[in-house]
Amino acid sequence: MIEASRIQSLLDARKPHHSLPQPFYRDADLFDVDMEAIFHRTWLLVGFEAELAEPGSYLALAIGRSPILLVRQKDGTIAGFFNSCRHRGAQICADGHGRTPRLVCPYHQWTYGPDGRLLTAARMAADFDKDRHGLNPIGVECVGGCVYVCLSPAHAPDFAPFRAALEPMLAPHRLAEAKLATSIAIVDKANWKLVMENGRECHHCAACHPELKLSFPLSAADSTEKDEVELFARYAERMAAAGLEVGPRSGDWWHVARFPLNPGAKSFSLDGSPLVAKPMVEACGGDIGTLRWATEPNSFCHAAGDNAFMFSAIPTGPMETTVVAKWLVHKDAIEGVDYDLDRLTHVWMETNLQDRELAENNQRGVNGAGYVPGPYSPEAEEYVDRFVGWYCDRLREQLAIDVAA
Ligand code: 3BY
Ligand code: FES
Ligand code: FE
């Protein structure tokens, strides 16, 4: 494991408001630090309640090296566990969606209930205690239909302020009763922080996202341009009349805000027209801009009037990140009738593939001997600066705890 003093000196070497020193983007030991200090101790968006429709429905995925499992319970709540058998550790459910009344380990068939309790284990000693060998739980919080997990809930930040902000703003979108249209994962050969720095700015959007820029406003809602201030004020008035709060509301690891799409655009399509015939939100004929919510370290979402989109970046190695994209639509929307899957996914998919090129290219340049951390634009890269500042603060906080322990 990396020495705490080395992390400390790398953090000390970082100039404020600049990109990180090279080892943060490249080194295997710092990747391990990121997983423990960041990914085990934060709330991570893994998907939506709509993916776990019935009691016994499950979703299995890996966070870094840790397979996890989310299971819908009989009482309607969602429980989360490490997806590792308490016998000799085998992964119990293969990654993906499924439904089963019992969780059966494929190795020696130890069998667990949906609540994680061990029900049967063959050929064990007479004094073997099943009650002490249930699945290890993880933290789960559901808000407005979104499912967040924390692998080490004792170290998680308080979820309540984020819930209080997101729940009322997301409620009109009815995500809990929506349906998952599709989920598409791609692998970026880049450190997760390069993927997220790229995802936290739209400085590159005009030049690099010809499809997205048709509907996505290139300057933020807090723009100081007079026309845009007026445009936003009119939008905020229209939303208020429809009972839709615009925010923004934010905490140190989350941000929620509603803002208009480009004039005339109702969704993330090439011509601005809706992508789904059955709207999720009826207000204003679905012409409600987008509700964006983002959580550190690794996600952002957009809910327009007709669909919701999720982006999350899961580190799988020092220079490898899986980007998971999901789309939700109205529960009664029928594929091929109310929406076309290729059209629904086109703009964000092109965007994610373009961003993969950008992140991988960024990684190549950063890996070289010529890389020197550079300054962020205060105007266009404010959220990148916030993300990297938050990251450094978390590592510092962790070092202080380790030293005290
Ligand atoms: O975080 C967002 O909302 C956007 C989507 C496109 C780029 N990124 C800044
Ligand atoms: Fe699961 Fe043996 S490892 S039953
Ligand atoms: Fe981008």
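The values are calculated or read from the model by the stated rules, or taken from the named source; none is laboratory data. Because the structure is a prediction, the values reported are computed rather than measured. No Cβ is skipped: glycine too gets one built from the backbone with ideal geometry, and neighbour counts run over all protein chains shown.
Some notes on this structure:
- There is at least one residue in the range 367-385 that is within 12 Å of ligand 1 (Cβ to nearest atom) and within 20 Å of Phe31 (Cα to Cα).
- The single condition from (1) over 17 Å from Val46 (Cα atoms); (2) outside any helix (DSSP H, G or I) that Thr321 fails is (1).
- Total residues in the range 188-211, condition surrounded by 14 or more Cβ atoms within 10 Å (Cβ to Cβ) and among the aliphatic types (A, V, I, L, M): 4
- Phe39 meets the stated requirement of being at pLDDT 95 or above, crowded, with 20+ Cβ neighbours inside 10 Å and over 23 Å from Ala308 (Cα atoms).
- Candidates His87, His97, His108, filtered to the one that is touching a Phe, Trp or Tyr at 6+ places or on another chain (Cβ under 8 Å), farther than 30 Å from Ala325 by Cβ, assigned by the TED database to the domain that holds Glu141 and away from ligand 1 (no atom under 16 Å from the Cβ): His87
- Residues in the range 130-155 that are without any contact (Cβ under 8 Å) to a residue 60 or more places away in the chain and hydrophobic (A, V, I, L, M, F, W, C): Val143, Ala154.
- Residue within the range 215-229 that is of a type outside the set (Phe, Trp, Tyr), part of a helix (DSSP H, G or I), surrounded by fewer than 20 Cβ atoms within 10 Å (Cβ to Cβ) and modelled with pLDDT of 95 or more present: no
- For the range 20-51, a residue qualifies if it is in contact with a Phe, Trp or Tyr (Cβ under 7 Å, 6 or more places away or on another chain) and more than 23 Å from Trp254 (Cβ to Cβ), and the qualifying residues are Gln22, Leu30.
- Residue in the range 231-251 that is surrounded by 21 or more Cβ atoms within 10 Å (Cβ to Cβ), within 13 Å of ligand 1 (Cβ to nearest atom) and more than 16 Å from the chain's Cα centre (by Cα) present: no
- Wholly enclosed helices (runs of 4 or more DSSP H) of the range 1-72 bearing at least 2 residues in contact with a helix residue (DSSP H, G or I) (Cβ under 6 Å, 6 or more places away or on another chain) and aromatic (Phe, Trp, Tyr): 23-26
- Test: Ala277 is small (Gly, Ala, Ser) and without any contact (Cβ under 8 Å) to a residue 40 or more places away in the chain: no
- Restricting attention to the range 74-84 and to residues that are assigned to a loop (DSSP other than H, G, I, E, B) and out of contact with any Pro (no Cβ under 6 Å at 6 or more places or on another chain), the residue that is farthest from Thr322 (Cα to Cα) turns out to be Asp75.
- When the range 158-202 is filtered for residues that are in a strand (DSSP E or B) and β-branched (Val, Ile, Thr), the ones remaining, listed by number, are Thr182, Ile184, Ile186, Val187.
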